[in-house]
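Structure first, then comments.
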Amino acid sequence: MVGSEEIKLHIEKIISSKSFGNSTTYANLLRYLARCTSDNNVPKETTIASEIFAKKDFDPSQSTLIRVYVYNLRKKIITFYQNEGQNEAYHIQIPKGGYALEFVKKRHDIVEKAAPLRTMLYVFGGLLLVSLVFNLYLARSNNKRPLIDQNGLWKDLVASKRPKTLVMGDLFIYNEIDTLRNLIRTVRGPNINSLQEFEAFKAGDFNEDVEITPLNYTHLILGSTQWVKKLSEIFYSIDDNYSIRTMSRFNPKQLQDSDLLVVGMHKTLGVFKNFYDNSAFEYDTENDAFHFTKNTEVITYRPSGDADNYHTDYALMAKVPGSNNNSVYLFSGIWDTGATQSLKNFTDQDLLAEIEQKMKDKFGTLPKYYEVFFEVNGIDRTELSSTILYMSAL
């Protein structure tokens, strides 16, 4: 049996390690969970929010703040045991679904290994498949009701008889082959987001012993599963459906055929970047930022913080006319957090109702075409909250 003093020393060893990092918040959270566990008083999310984050009116149904922080804390603890703590006889664990600590003898199966890129792609593909299966499950349910106001911002989509298509911004990947050493690297270049950009990159100077070739698969970010799930729920609730395309497989000839919902990081929007020509915001590809001109002043919005921890992102949500009297709905962020929050503001009943009311207050009615610019706060690429910074009728 391990004594309470030994447990405290072990926890302080984790907190002081390089793997844990220099976060006072995570250190306080771990100490707090340890103290509560020692007192046989497992805390609730609201208690943690109040004690650690000073949020007295915290609502777990409206925020994932505590779950995300505990998720990150688990990762920090696992990283410690992969590095400095790999020879420790006992391990601290936070079982999923709860906030009590467990102090257990070392097991070989608690250390998580980083999955290679291809494995991660399979995981994301599997998650996407689960979402599609969930969609089919919904189709067999008899308890449906519209999840949105059919006279609100969804009005044109509900009334339209055109097919609907979700286009998801995916990440371009290519192979770099070192023929001299017979080595192959799979590369994700942040400035290469389409076959056209790849060809321009390929035309540059390369070592004659290196060959680069595009792959026949791409990378979908984790948020893609949330996009599919939320849209599936809503479309089923209004007796409609939609098809799915990735940006890398989207044929511009399809621009006239459907009403389009386009979601992704702004740099992955491909041909749909042209639909922002009348936007008040100019996207800066080189610096990955939005520029907004107010009078003669140029305001720059650029993400800040660590995408894998607490950070701020920016997002655009817009509806614009298509080329054939169809509608194009655009949901983008500089990072994936903003992209996901942008669509969430269009699919979450409460958030959507709030935007619709603010539009009515500002314009007197819901404009047919519009754009809304948000500041988004998140943790570990998971969106937490958003604030409207700008709203305009187009």
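The values are calculated or read from the model by the stated rules, or taken from the named source; none is laboratory data. What you are looking at is a predicted structure, and each value in this text was computed from that prediction instead of being measured. Cβ: placed from backbone, ideal geometry, glycine included. Neighbour counts: every protein chain shown. Accessible surface is based on the protein model in full, side chains and every heavy atom, while ligands, DNA and RNA are left aside. Shrake-Rupley method; radii C 1.70, N 1.55, O 1.52, S 1.80 Å.
Of note:
- MRE, 222 nm, helices only [DSSP H, n ≥ 4, -39500 (n - 2.57), over the chain, to nearest 500]: -10500 deg cm²/dmol
- Apportionment of accessible area to carbon and sulfur, the chain, percent (1.4 Å): 48 percent
- Relative contact order computed over the chain (Cα-Cα under 8 Å; 6+ residues apart), in percent: 13 percent
- In the structure shown, the pairs K161/K229; K229/K294; K55/K96; K253/K360; K230/K360; K202/K267 are assessed against 28 Å; a Cα-Cα span above that value is assigned to K229/K294; K253/K360.
- Stretching the chain fully between K360 and N251 yields a gain of 35.6 nm (0.36 nm per residue, less the alpha carbon separation).
- Accessible area per residue, Å², segment 264-394 with all protein chains present, probe 1.4 Å: 43 Å²
- Evaluating 6.51 cos²θ - 1.76 cosθ + 1.60 at θ = phi - 60° for every residue in segment 160-170, the Karplus couplings come out as 5, 9, 6, x, 10, 10, 8, 10, 9, x, 10 Hz, glycine and proline recorded as x.
- Angle in degrees between helix 349-363 and the longest Cα principal axis of the chain, rounded to the nearest 10: 50 degrees
- Under Karplus coefficients 6.51, -1.76 and 1.60, residue-wise ³J(HN,Hα) of segment 21-28 in Hz, glycine/proline x: x, 9, 9, 5, 4, 5, 5, 4
- Label-point separation in nm, V210 to N83, each point 7 Å along Cα→Cβ: 2.8 nm
- Considering all C-alpha pairs of segment 154-287, those separated by over 25 Å amount to 39%.
- Burial order of peptide ranges 361-367, 87-93 (average beta-carbon count within 10 Å, highest first): 87-93, 361-367
- Cα-Cα separations in segment 191-260 greater than 18 Å, expressed as whole percent: 59 percent
- Taking the square roots of 5 times each eigenvalue of the Cα gyration tensor of segment 264-353, largest first, gives ellipsoid semi-axes of 21, 19, 13 Å.
- The phi torsions of segment 73-87, fed into the Karplus equation with coefficients 6.51, -1.76 and 1.60 and a -60° offset, translate into couplings of 4, 4, 5, 5, 5, 4, 4, 4, 6, 6, 10, 4, x, 5, 9 Hz, rounded to whole numbers, with Gly and Pro shown as x.
- Selected from Y370, Y32, Y314 as most flexible by GNM, with the chain as the system and alpha-carbon contacts under 10 Å: Y32
- Working from label points 7 Å from Cα in the Cα-to-Cβ sense, the T24 to E282 distance is 4.1 nm.
- Cα-based radius of gyration for segment 1-61, normalised by 2.2 N^0.38 Å, reads 1.25.
- Rough spin-label spacing in nm, given labels placed 7 Å along Cα→Cβ, for V187 and S38: 5.2 nm
- Reported value for the chain: 194 Å³ per residue, from the convex hull of its C-alpha atoms.
- Stretched out straight at 0.36 nm per residue, the stretch from F53 to R31 would grow longer than its current Cα-Cα span by 6.5 nm.
- The alpha-carbon of K18 sits under 20 angstrom from the alpha-carbons of these lysines, leaving out residues fewer than 8 places away in its chain: K8, K75, K76, K113.
- Euclidean distance between Cα centres, segment 317-365 to segment 184-210, Å: 34 Å
- One decimal place: the segment E176-D308 gains 44.8 nm when fully extended, by the rule 0.36 nm per residue minus the C-alpha distance.
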